[in-house]
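Q: I'd like to ask some things about the structure below.
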Amino acid sequence: MTRMWDVHILGIDPSRAFDTVDRARPLSLLKDVVNDDDTVRMIQAMLTDTTLAVRVRGEVAPHFQATVGSPQGDSLSPQLFNVYYEAALRDLRRSSPPIPA
């Protein structure tokens, strides 16, 4: 007997992955996992009220509010992305039909 399966492939562009993180999602996940309120508040301070500006040829554009993306350049950012990514995969697994044995 021949079995037919649907195959789903998930591709991630790692060069853009950090730029797409919705900052509210890792915070809500961390509040359920981390038992230390001070740690959660510190991470929340890093992710909220972030303003950015673009500089081109010495000209600086007006500052704007950043609400997506994991801040890059510190050791916490990859961990926040991992929390976000793991939750996304878990949600995907829940919404997918089971693979036949």
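Q: Once the whole set of protein chains is in place, how much accessible area is left on Asp6, using a 1.4 Å probe, in Å² to the nearest 10?
A: Roughly 140 Å² of Asp6 is accessible to a 1.4 Å probe.
Q: Next up: Could you sort Glu86, Glu59 by their accessible area in this structure, using a 1.4 Å probe and putting the largest first?
A: Solvent-accessible surface, decreasing: Glu59, Glu86.
Q: May I ask you to rank Asp91, Asp13 by accessible area, largest first, using a 1.4 Å probe over the protein chains only?
A: I get Asp13, Asp91, largest accessible area first.
Q: At a Förster radius of 22 Å, what calculated FRET efficiency corresponds to the Cβ-Cβ distance of Gln44 and Ser96, to the nearest 0.05?
A: The value I calculate is 0.10.
Q: Going by a ≥ b ≥ c, the root eigenvalues of the Cα gyration tensor, does the chain fall in the rounded group (a/c under 1.5), the prolate group (a/b larger than b/c) or the oblate group?
A: The shape class here is oblate.
Q: Further question on the same structure: If you roll a 1.4 angstrom probe over the protein chains with everything in place, what fraction of the accessible area of the chain belongs to carbon and sulfur, to the nearest %?
A: 56 percent
Q: What residue among Tyr85, Leu30, Gly73 has its Cα farthest toward the positive end of the dipole of the chain, where the charges are +1 on Lys, Arg and -1 on Asp, Glu, each on the Cβ?
A: Tyr85
Q: While we're looking at this one, here's another question. Over the chain, with the other protein chains present, what is the accessible area per residue in square angstrom, probe 1.4 angstrom?
A: 81 Å²
Q: Using only helices, what value at 222 nm comes out for the chain when you add -39,500 (n - 2.57) per DSSP H run of length 4 or more and divide by the total residues, to the nearest 500 deg cm²/dmol?
A: So the helix-based figure for the chain works out to -13500 deg cm²/dmol.
Q: Treating only the Cβ atoms of Lys and Arg (+1) and Asp and Glu (-1) as charged, compute the dipole magnitude of the chain about its Cα centre; round to the nearest 20 debye.
A: 320 debye
Q: Using 0.36 nm times the number of residues separating Ala66 and Glu86, minus their current alpha carbon distance, what extension gain do you get?
A: 4.9 nm is the gain from fully extending Ala66 to Glu86.
The values are calculated or read from the model by the stated rules, or taken from the named source; none is laboratory data. This structure is a prediction, so every number in the text was calculated from the model and none was measured. Every residue, glycine among them, receives a Cβ derived from its backbone with ideal geometry; neighbour counts consider all protein chains shown. Please note that ligands, DNA and RNA were not included when accessible areas were found on the heavy atoms of the full protein model with its side chains. Shrake-Rupley method; radii C 1.70, N 1.55, O 1.52, S 1.80 Å.
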